[in-house]
Amino acid sequence: MPVASDTDGLAEAVGRSAEASEGDLPINELFRSLQGEGRLAGVPSVFVRTSGCNLRCWFCDSYHTSWEPTGDWYSVDDVLAAVDEYDADHVVLTGGEPLVHDASVALLEALADRGYHTTVETNGTIAVDAPIDLASVSPKLESSTPTAERDPKGDGEWADRHEARRLDVDVLAEFVERYDTQLKFVVTGPDDMGEIEDAVARVRDAADAPVPDDSVLLMPEGQTREQLTETRRVVADLALEYGYRYTPRLHVDLWNDAPGT
Ligand SMILES: C[S@@+](CC[C@H](N)C(=O)[O-])C[C@H]1O[C@@H](n2cnc3c(N)ncnc32)[C@H](O)[C@@H]1O
Ligand SMILES: Nc1nc2[nH]cc(C(=O)O)c2c(=O)[nH]1
Ligand code: SF4
Ligand SMILES: [Mg+2]
């Protein structure tokens, strides 16, 4: 069912069913897979994907959590029960943007109480205080902005809002100070590197904690195996040139763009 078209006023999300209540989470999908991205790539993990996002990247590989959000409302206890069904130590909370939902904090607290290792996949625009073992922050570059030519749905109606919200250095600095953080940039090509260098320098200036080069990850843009064939060598070479870490998109290499992977 549709859950919300934006996150402004999500509390009154149009799709909330009569039975759903305040502390519930709109869940798009919940599945077990191998972590495909970042420092923990290859680790079996349960993925909890919330619906709804405050940004609209033109390339979003989770279209039904951002451009056309859909899902079912789960209580935190429902999510925990579904996670407990799997034999896993690692839980990845993702979206959409999971941190637009207050109930994500309650979920993370309950997961931590049960001893799960928690990774949060986030665009880094919303600061939270929650038990997060790995903050997997993916700051969004200008190349993510849904201009009229790149808009997958309309004619660039989201471009200004996206542009105004996409990168907040102070919030990124809070992540770096509070959590074990990786900064995972989606790279579309060499033209992105100036903005990445600039963003990393500004976060280093703003944060009272170090940002080592091996916590800065370059990830090739691409929703399909075929698209990644075009981008991954270029991005790997950029990682070598700039001294940052490369991350594959293991799940796309293995299972292409199948849902639940
Ligand atoms: C769907 S997002 C959800 C979490 C959060 N909204 C964010 O963007 O970090 C999960 C991860 O997929 C990445 N991603 C989305 N579309 C992508 C694409 N076409 N190519 C490469 N990475 C992509 C995001 O940058 C993020 O690291
Ligand atoms: N296997 C797998 N690994 C992932 N790492 C981050 C993902 C995400 O969508 O946040 C993701 C995903 O969708 N699948
Ligand atoms: S911030 Fe994440 S979920 Fe939102 S549109 Fe961008 S990639 Fe998709
Ligand atoms: Mg994904």
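The values are calculated or read from the model by the stated rules, or taken from the named source; none is laboratory data. From a predicted model like this one, the values you see are computed outputs, not experimental measurements. So basically every Cβ, Gly included, is an ideal-geometry build from the backbone, and we count neighbours across all protein chains shown.
Scanning the range 182-203 for residues that are without any contact (Cβ under 8 Å) to a residue 24 or more places away in the chain and surrounded by fewer than 16 Cβ atoms within 10 Å (Cβ to Cβ) gives Gly194, Asp198, Ala201.
For the criterion of being away from ligand 2 (no atom under 14 Å from the Cβ) and in contact with a Gly (Cβ under 8 Å, 6 or more places away or on another chain), Ser75 passes. Tallying residues that are over 25 Å from Glu230 (Cβ atoms) and outside any helix (DSSP H, G or I) within the range 151-198 yields 9. Looking at the range 152-169 only, could you name the residues that are touching a residue at least 40 places away in the same chain (Cβ under 8 Å) and surrounded by fewer than 18 Cβ atoms within 10 Å (Cβ to Cβ)? Passing the criteria: Pro152, Lys153, Arg161, Arg165, Asp168. Within the range 230-261, the set of residues being farther than 21 Å from Asn28 by Cβ, among the polar types (S, T, N, Q) and in a loop (DSSP other than H, G, I, E, B) comprises just one member, Thr247.
Suppose we filter Ala81, Ala88 for residues that are hydrophobic (A, V, I, L, M, F, W, C) and at pLDDT below 95; which single one remains? Please lay out each step first, then the result.
On the way: Ala81 fails: at pLDDT below 95.
The match here is Ala88.
With respect to the conditions (1) farther than 22 Å from Thr119 by Cα; (2) of a type in the set (D, E, K, R); (3) exposed (fewer than 12 other Cβ atoms within 10 Å of the Cβ); (4) touching a residue at least 12 places away in the same chain (Cβ under 8 Å), Glu241 lacks only one, and its number is (4).
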